[in-house]
Every structure is written in C-alpha cells, then in structure tokens.
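Structure record follows, encoded as structure tokens.
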Amino acid sequence: MALTILILRLAVCILAFPMYLLDFLGLWNWICKQWFPYFLARFTVTYNEQMASKKRELFSNLQEFTGPSGKLSLLELGCGTGANFKFYPSGCQVTCIDPNPNFKKFLIKSIAQNSHLQFERFIVAAGENMHQVATGSMDVVVCTLVLCSVKNQEQILQEVRRVLRPGGAFYFMEHVADKPSTWNYFWQQVLDPVWYLLFDGCNLTRESWKALEQARFSKLKLQHLQAPLSWELVRPHIYGYAVK
C-alpha cells in the first residue's frame, strides 16, 4: 500500500510540475496569497450553506463566556473572509487575525453585512505569535478550517491559552484525516503534497484532535463527524470547544 501511494504521489506531482517550478522559483507563494482569498470567498459561501446547522450548534453557547465587562470579547484566528460573523451574537466585540493581508477587503465587506457586531481591528500576523494581543484579554478565541494549515499547532494552542482569560473558551471546527482503513484516507495521502501547495499550506492528513487533547485545557468537548460537504476529501471533521 505504501508503495502504491508513493507511485501515485509521484504521478500527481509530475502533473503538477508547473506549480512546483513556480514554488522553486519563489513565485508560487505570492501567487497563492493573491488568489486564495478569492477562492475562499466562493468556497465559504457553499461551506456555510452545507454546515450552517453545525455552526449554529457550535456557537450556540458563546454568550455563556461573556466576561466581567458584559460584552463578549472574541478573537477570530485565521479569520479569512469573515465567514463566521453571521453566527456570532449581537454586540460581540470581534478582533481578527490572519497572516494574509489580502483578506482585508473581504473582511470590510463582511463587517458591513454584519452590523450586529462591534469590529475592533484586523491584525496581520501568524497565530504562532500573537504578541499584539494582550495576555488574558479575550473571552473567546475561534478558529475554523485553520489548524489544517498552520505551521505549528502546539505553538498556536499555547498562544490561544495565553490570550484567553481564565475560564475563557476556544471554539474550533476543522477538517482532519479520515480513518486509516478508508479509501478516503488513501486518497488524502496521495494528494496531500499537491493539495498543500494548491491551497496555501492546507494539509489533508492532520490529526488535529491529538494536539487539542494535549493542549492542557481544563475542559474539552470534541466531536468527530462526516460533514455533508461536496468534497469528500475534507468531509472528516472535528468540532467543539475547550475551556481554559
């Protein structure tokens, strides 16, 4: 099986040679940063339609974590185009962070469409180093479809715990590796190297639940599901929240 995967990977990589050449020349990352927000703007419309009930379920108890100020202070990590905004409660104070500055114009549009929120600021930074966010300043941190593409999940989760106040919560919804016995897992392994380049560092085979289980939260509510998505490769999901 391992040899079959290796041969098929090689075949796929040969077909994707122009993309690898651009990456070798240092051009692909720039191209990807430019086009990826446009792709994500379209993808998240479909994703929200197909996952709306799960997102409403996930965020249904956000207000339980409102801090002493009386307003819910929320940091969205890897905010992308602001696809989660419509699921947040009224009056929520939202800070956004993303390493790609090209998302800003999409965020501005989402902010205008979600006037029930109080937008604070957009920070261009990687989640592994959120030094611009004060320690213990957030009631809630949210990330959806982000842990698949970060460089260091453990470091991200350490930063999440740092910026959360005691008793604050981290909400997540992520696509993950399928069960090893499935054909879907087989194809995830075959396509992962090309997928990583094509979709701005996204990994198909990450077992993100393991990092969450080891992140030393005081409480973790985590569920696995097969999401009702058109793309079978990203149907395996985890979602839930963890309390600091």
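Data overview
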{"item": "Candidates 221, 33, 54, ranked by Gaussian network fluctuation over the chain, Cα under 10 Å, top entry", "result": "221"}
{"item": "Taking all pairs of distinct alpha-carbon atoms in the chain, Kirkwood radius in angstrom", "result": "18.8"}
{"item": "The chain: Cys lacking any partner C-beta under 4.7 angstrom", "result": "13, 32, 92, 143, 148, 202"}
{"item": "Cα centre as origin, Lys/Arg/Asp/Glu Cβ charges: the chain dipole, Debye", "result": "420"}
{"item": "Trypsin sites (Lys or Arg not before Pro) restricted to region 135-217 and DSSP loop, no more than 11 other C-beta within 10 Å", "result": "151, 216"}
{"item": "DSSP-loop chymotrypsin sites (Phe, Trp or Tyr not before Pro) across region 170-244, with at most 16 other Cβ within 10 angstrom", "result": "231"}
{"item": "Share antiparallel - DSSP beta bridges, region 1-243, percent rounded to 5", "result": "45"}
{"item": "Reference-scaled alpha-carbon Rg (2.2 N^0.38 Å with N residues) for region 113-244", "result": "1.12"}
{"item": "Highest-MSF residue in the chain out of 49, 159, 128 [GNM, Cα springs under 10 Å]", "result": "49"}
{"item": "Cα lying deepest toward the dipole's positive end in region 91-244, options 202, 116, 126, charges on Cβ", "result": "116"}
{"item": "GNM result for the chain, Cα springs below 10 Å: residue of 233, 225, 62 fluctuating most strongly", "result": "225"}
{"item": "Accessible area (Å², 1.4 Å probe, nearest 10) - residue 205", "result": "50"}
{"item": "Accessible area of residue 232 in the full protein assembly, 1.4 Å probe (Å², nearest 10)", "result": "100"}
{"item": "Whole-number D in µm² s⁻¹ for region 166-234, Kirkwood Cα-pair radius fed into Stokes-Einstein, 37 °C, 0.692 mPa s", "result": "240"}
{"item": "Alpha-carbon centroid distance for the pair region 183-240 / region 88-128, whole angstrom", "result": "24"}
{"item": "Residue 229 accessible area, 1.4 Å probe, all protein chains in place, Å² to nearest 10", "result": "10"}
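The values are calculated or read from the model by the stated rules, or taken from the named source; none is laboratory data. Every value quoted in this text rests on a predicted model; they were computed, and no experiment measured them. Quick reminder, even Gly has a Cβ in these numbers, built from the backbone with ideal geometry, and neighbours come from all protein chains shown. Ligands, DNA and RNA are excluded from the accessible area calculation, which covers all protein heavy atoms including side chains. Shrake-Rupley method; radii C 1.70, N 1.55, O 1.52, S 1.80 Å.
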